[in-house]
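Presented below is the structure to which this report refers.
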Number of protein chains: 2
Amino acid sequence: MDSERMEQQVRFLLEVDKLKNVERRTYLLEGNRHENSAEHSWHLGVMALLMAEYANEPVDLGHVLGMLLVHDLVEIDAGDTFCYDAEGAKDRAEREQRAADRIFNLLPPDQASRLMELWREFEARESAEARFAAALDRLMPLFHNFYGKGSSWQEHGIRADQVRERNRHAREGSEFLWSHAESLITRAVEEGYLQPPR
Amino acid sequence: MDSERMEQQVRFLLEVDKLKNVERRTYLLEGNRHENSAEHSWHLGVMALLMAEYANEPVDLGHVLGMLLVHDLVEIDAGDTFCYDAEGAKDRAEREQRAADRIFNLLPPDQASRLMELWREFEARESAEARFAAALDRLMPLFHNFYGKGSSWQEHGIRADQVRERNRHAREGSEFLWSHAESLITRAVEEGYLQPPR
């Protein structure tokens, strides 16, 4: 077999170790530190294993898992853009495309294309698998926030209407999960974890 | 749909957040801290995406990914047993079985059985998918150690024969990857990252 191919793959694996140092705004439930994007990606994979049954359309679970594993790799260069950060959102697409070009191209060309395509598919939300994967990516932080008594929401003064607005595309992946999320948002306002809608 | 089912699934997802606090002996390549078992599980998933082509037998990638996502969950109760810790290995199976009984049974019965079965399959290494998944689980720490200049090996005074002995079942999953690992072990002794065989 081709050892140059293997070396490129290993170099990529070593490079993506850096995702373990990309901090998100979400706190671990035990509250001792922020979550990083690598462990978040793992957690979404476990969520997909359990909740694929709630997808609006039948999904290929292996394909969903592939997308979830790679969906945040661009953050190694581009950083995690907090989903309520309107300023950071402006050049996010451009920063992430540059990151994708550098990181995925460490791989042999066929695998670079395959992973780039998985990442694009996730971002575009045009397939059933991507809509479902993207729904999980929005709902997990909502669970983290709700069951962590809204620590990250409170820290950033987030309102219920912002949470609804930023996350409602989750319903395109799963009506069932989104209706559960809506009830958590209502309860979060009652509990004082989230500010009421403006 | 059944909201009790959904609540059990959410409770499980919140519980497994704790895997992000289970420390392994391996260091991140940037060397600033130990790796945790959740981000390790993610990293193995990415490795599987790229290296399934080196499995001795054709494998169902989605099934490999499912096993890798859940293979370390028992560590939430049982802790990570360092693979060169002969003392810890004695009651490892018993500690892990107790952990599996508690953790997987937070889920609705059908999913508890399914995840328990994935974990058992991984441990037993009787399917092609399990042999390959277990090979990755052994090889990734070897990459981490080698490219991190042997920091964890040196800290624990590990010898080359121990690394060969503990990890050689990886060849049952991938002869190709194991032969690459053998060459890294030889180079690690030359570089002084590993102690020579006794």
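The values are calculated or read from the model by the stated rules, or taken from the named source; none is laboratory data. Note that this is a predicted model, so its numbers are computed, not measured. With ideal geometry, Cβ positions are generated from the backbone for all residues, glycine too; neighbour counts draw on all protein chains shown. Surface areas here come from the heavy atoms of the whole protein model, side chains and all, with no ligands, DNA or RNA. Shrake-Rupley method; radii C 1.70, N 1.55, O 1.52, S 1.80 Å.
What to note about this one:
- One residue alone among A:Leu118, A:Leu107, A:Leu142 is over 16 Å from the mean Cα position of the chain (by Cα) and of a type outside the set (Lys, Arg), and that residue is A:Leu107.
- Qualifying residue in segment B:28-39 (condition: free of Cβ contacts under 8 Å to residues at least 40 places away in the same chain, open to solvent by 30 Å² or more (accessible area, probe 1.4 Å) and at the interface with chain A (Cβ under 7 Å from one of its Cβ atoms)): yes
- Neighbours by Cβ (under 7 Å, 6+ apart or cross-chain): first from segment B:177-198, more than 14 Å from chain A (Cβ to nearest Cβ); second open to solvent by 80 Å² or more (accessible area, probe 1.4 Å): B:Val189/B:Pro196; B:Tyr193/B:Lys149; B:Tyr193/B:Gln154
- Any hit, segment A:78-95, residues being buried (at least 17 other Cβ atoms within 10 Å of the Cβ), modelled with pLDDT of 95 or more and aliphatic (A, V, I, L, M): no
- Between B:Ala55, B:Ala86, B:Ala99, B:Ala48, the distinction of being more than 7 Å from chain A (Cβ to nearest Cβ), out of contact with any His (no Cβ under 7 Å at 6 or more places or on another chain) and under 24 Å from B:Gln162 (Cβ atoms) belongs to B:Ala86 only.
- Wholly enclosed helices (runs of 4 or more DSSP H) of segment A:140-198 bearing at least 3 residues in contact with a Leu (Cβ under 9 Å, 6 or more places away or on another chain) and open to solvent by less than 30 Å² (accessible area, probe 1.4 Å): A:160-167, A:175-191
- Segment B:55-71, subset open to solvent by 10 Å² or more (accessible area, probe 1.4 Å) and not aliphatic (A, V, I, L, M), residue farthest from A:Pro108 (Cα to Cα): B:His63
- The lone exception for B:His43 - which of (1) under 17 Å from A:Leu61 (Cβ atoms); (2) within 9 Å of chain A (Cβ to nearest Cβ) it fails: (1)
- Only one of B:Asp72, B:Asp80 that is more than 10 Å from chain A (Cβ to nearest Cβ) and closer than 28 Å to B:His156 by Cα: B:Asp80
- Positions within segment B:6-27 being in a helix (DSSP H, G or I), buried (at least 16 other Cβ atoms within 10 Å of the Cβ) and not aliphatic (A, V, I, L, M), in sequence order: B:Gln8, B:Gln9, B:Phe12, B:Glu15, B:Asp17, B:Lys18, B:Lys20, B:Asn21
- Every residue from segment A:123-136 that is within 14 Å of chain B (Cβ to nearest Cβ) and open to solvent by 10 Å² or more (accessible area, probe 1.4 Å): A:Glu129
- Scanning segment A:1-27 for residues that are modelled with pLDDT under 95, under 27 Å from B:Trp119 (Cβ atoms) and at the interface with another protein chain (Cβ under 7 Å from one of its Cβ atoms) gives no hits.
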